[in-house]
Structures are given as structure tokens and as C-alpha cells.
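Here the structure is laid out as C-alpha cells; the discussion comes afterwards.
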Amino acid sequence: MDELDQQILEELAEDAQESFLGIAKKIGVSPKTVQTRYARMKREGVILHCGIIVSLSKLGYQGKAYLLIKLVEGKTREEAIVALKQIQNVFLITEIMGGDCDLLALAAIRDYKSILKLIFEIKELPSVAQVDVNFTNDTSFPVDKTFNSLLR
Amino acid sequence: MTNIIRIDEIDSKILGALIKDARTKITEIAKSCGLSSTAIVNRIKRLKNEGVIEGSVLFWDMSVLGFLYPASIGLNLDSSQYPRVIKIIEEQTNVIILSQSIGKHDLTVFLIAKNLLDIDKLKQLIASRAWVRKISINLWTTPHFHFGNVEIKAHRA
């Protein structure tokens with residue numbers, strides 16, 4: 001990844017929907033160059049996701065839950081991950097090293113009833129031993145606008 | 001209490017497409033909805049004006065620039081210590097999300113560190129400047145996104 005790639009990433013971090021033409025003008029290269037490099041960075045996995053941020057509160061959600069999941073001894077993480085993927089409103093799953101759990105899942109939460117339903121559903125999974133929750137009332141999905149501050 | 005915005009099936013489809021990829025071609029969305037591109041553009045404008053669409057975000061492989069360790073840190077502390085601890089955390093350059101939470105932890109921090117020592121240094125810094133009951137560190141090894149899993153429900157107008 002060179003400086004030009006990084007400039008393109010910075011522009012996209014500012015506005016992921018900016019046209020290639022707009023980015024090209026700002027950086028001083030051709031739109032075709034931007035398009036080609038964007039495609040390459042996506043192909044190579046440098047760019048992982050380029051999406052809009054939605055205010056879930058405007059759609060009736062109250063917040064997000066961080067679910068810290070401990071697995072039963074001997075159960076594989078893969079098994080649990082496959083099962084978690086099926087649960088509605090769970091939008092991120094990661095394996096965890098160290099810390100107080102084996103997996104972390106993030107879910108969008110509509111209301112109190114839905115947290116209960118979600119935790120119950122996860123606890124029912126045969127590989128799950130324990131679930132702890134952290135509920136936050138930030139509703140920007142998937143993340144807040146400040147997320148790309150690392151690039152500036 | 002935020003007012004809930006009424007959206008219909010078409011808005012739902014638009015949001016679904018743009019959540020997956022903000023650069024989805026308008027013509028593509030228009031085709032799958034059976035509407036003109038202008039209609040789609042107008043709907044997107046409305047969704048932005050009403051604050052349903054807040055902006056956009058780029059996730060990229062930060063390991064390329066040396067940010068190797070995404071981690072969430074959970075802190076348990078008295079509310080009296082919040083301002084002090086929040087100030088310390090906000091001064092860090094690798095912290096991306098800081099939220100108050102209810103449940104296992106009182107403050108949840110998400111950051112991406114260049115090396116594990118940095119995370120340990122932050123832990124020690126917080127512990128030295130404020131009274132914190134517990135600091136838990138969870139390193140994210142393999143994050144997978146499933147943004148399409150979130151139900152974008154249409155409320156009939």
C-alpha cells in the first residue's frame with residue numbers, strides 16, 4: 001500500500017459514498033486510477049467494508065449489547081459462531097483471546113424484551129456455558145462517525 | 001426519546017443495500033425496487049435529512065499501518081471516577097469507541113493497538129490515576145461482520 005492508496009482511504013473515510021471523480025479531483029489523479037486502486041484494495045482485503053451509518057434509534061432500536069460468551073469445555077468456537085450467525089440482530093462476532101470470555105458478539109437491541117429473548121436464545125445453544133452483557137445506548141450502526149479518526 | 005421515522009419496504013431495501021455497500025450503484029437499487037434512479041436518490045435524500053442515514057464508515061485492514069491488536073476493554077468503577085478515566089481514554093490516539101454501559105462493565109472501550117505493550121501501558125495509566133475496581137482486556141482475534149442480520153423493519157405509513 002502506497003501513499004496514493006492511503007490518500008484514497010482517507011477520502012473514503014471522510015465520505016464512503018464520494019464519487020471516484022470527486023476523489024480523483026481532490027488527489028490529482030484520474031478517476032480510472034482511483035477506481036482501479038479501490039477495486040484492488042477490495043480484492044486484496046485492505047478495504048473490508050464501505051457502508052453507510054444508520055441511526056437505529058430512528059428505526060426503533062434502543063441500543064447495542066456486547067455479549068461476552070463463555071463456551072462449554074471441549075466445545076469448538078466454530079460451532080458456536082455458526083449458531084450465533086443465525087440469530088437476528090447479531091451483527092458482529094469475534095473470537096477472543098485472554099480476557100473474560102471465548103467469543104464476543106454485538107447485537108442491536110430494540111427493547112428490554114429483546115435483550116431477554118436474545119440472551120435466552122444464546123444460553124440455549126449447547127456450546128454456550130455463560131453469557132454476560134454490556135448494554136450501551138449508542139445506536140449508530142454499525143459504528144459512530146468518529147470511527148475513522150485513526151486515519152486522520 | 002427519539003422520534004421513530006416511518007419507512008416503507010423500498011426504504012428498507014435501500015438501507016439494506018447501502019449498509020452492505022455504501023457504493024452500491026443507484027441504478028442497481030432502482031432496478032431491484034422497480035423504480036427510477038431519481039426516485040431512489042430522492043428517498044436517500046429524505047433518509048439523510050431525517051437522520052436515518054448519519055454518514056458512512058470505512059473498515060480497512062489497519063494492520064497494514066501497524067495497528068495489529070483490536071481489543072475491547074471493560075472497566076468497573078464508581079461514577080465519581082468517570083470524568084478522570086474518560087479524560088485519560090479520550091487522550092489516547094488509538095481509542096475508537098468509548099461508551100458507558102450497564103451490565104458486566106461500567107465503561108466499554110474499543111481500541112486498536114500497535115502492540116500489546118500499549119494496551120498494558122493504558123491499563124497501568126488508568127490504574128495509577130484513578131480508582132478502578134477492575135479492568136478486563138479482551139483481544140479480538142477474528143472479527144466477522146454480519147450487518148445484513150440487523151432487521152430494518154418497515155413501518156406502514
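How many percent of the alpha carbon pairs in segment A:31-136 exceed a separation of 17 Å?
60 percent
Convex hull of alpha carbon positions in segment A:12-86: directionally averaged projected area 8.3 nm².
For the protein assembly as shown, the fraction of C-alpha pairs farther apart than 24 angstrom is 57 percent. Where the alpha-carbon atoms of segment B:9-49 are placed on the principal axes, they occupy 20, 20, 18 Å, in descending order. Stretching B:TRP131 away from B:LEU117 to a fully extended chain increases their span by 2.9 nm, per 0.36 nm per residue minus the current alpha-carbon distance. Computed over all pairs of different Cα atoms, the Kirkwood value for the hydrodynamic radius of segment A:44-96 is 14.0 Å. Calculation over all alpha carbon pairs of segment B:1-119 in 5 angstrom steps from 0 returns a P(r) of 2, 9, 15, 13, 11, 11, 13, 12, 9, 4, 1, 0 percent. Residue pairs exceeding 24 angstrom between C-alpha atoms, taken from A:LYS117/A:LYS145; B:LYS48/B:LYS114; A:LYS75/B:LYS121; A:LYS85/B:LYS153: A:LYS117/A:LYS145; B:LYS48/B:LYS114; A:LYS75/B:LYS121.
Any chance you could run the full-extension gain for A:ALA39 through A:PHE120? It's 0.36 nm times the residue separation minus the Cα-Cα distance, nm to one decimal. Don't skip to the answer; put the middle values down first.
Details: separation 81, 0.36 × 81 = 29.16 nm, distance 4.18 nm.
This chain segment gains 25.0 nm when fully extended.
Summarising the label geometry, the points placed 7 Å from Cα in the beta-carbon direction at A:TYR112 and B:ARG84 lie 3.4 nm from one another.
Projected over all directions and averaged, the alpha-carbon convex hull of segment A:106-152 occupies 4.5 nm². When the accessible areas of B alone and A alone are added and the area of the pair subtracted, with a 1.4 Å probe, the result is around 6100 Å², both sides summed.
The convex hull drawn around the Cα atoms of segment B:55-157, when projected onto a plane and averaged over every direction, covers 9.1 nm².
Applying Stokes-Einstein at 10 °C and 1.306 mPa s to the Kirkwood radius of segment B:67-111, computed over alpha-carbon pairs, gives a translational diffusion coefficient of 146 µm² s⁻¹.
Distance between the C-alpha centres of segment B:1-58 and segment A:12-91: 17 Å, rounded to the whole angstrom.
The values are calculated or read from the model by the stated rules, or taken from the named source; none is laboratory data. Bear in mind the structure is a predicted one, so any value in this text is a computation, not a measurement. Positions of Cβ are generated from backbone atoms using ideal geometry, with glycine treated the same way; all protein chains shown enter the neighbour counts. Only protein heavy atoms, including side chains, enter the accessible area calculation; ligands, DNA and RNA are left aside. Shrake-Rupley method; radii C 1.70, N 1.55, O 1.52, S 1.80 Å.
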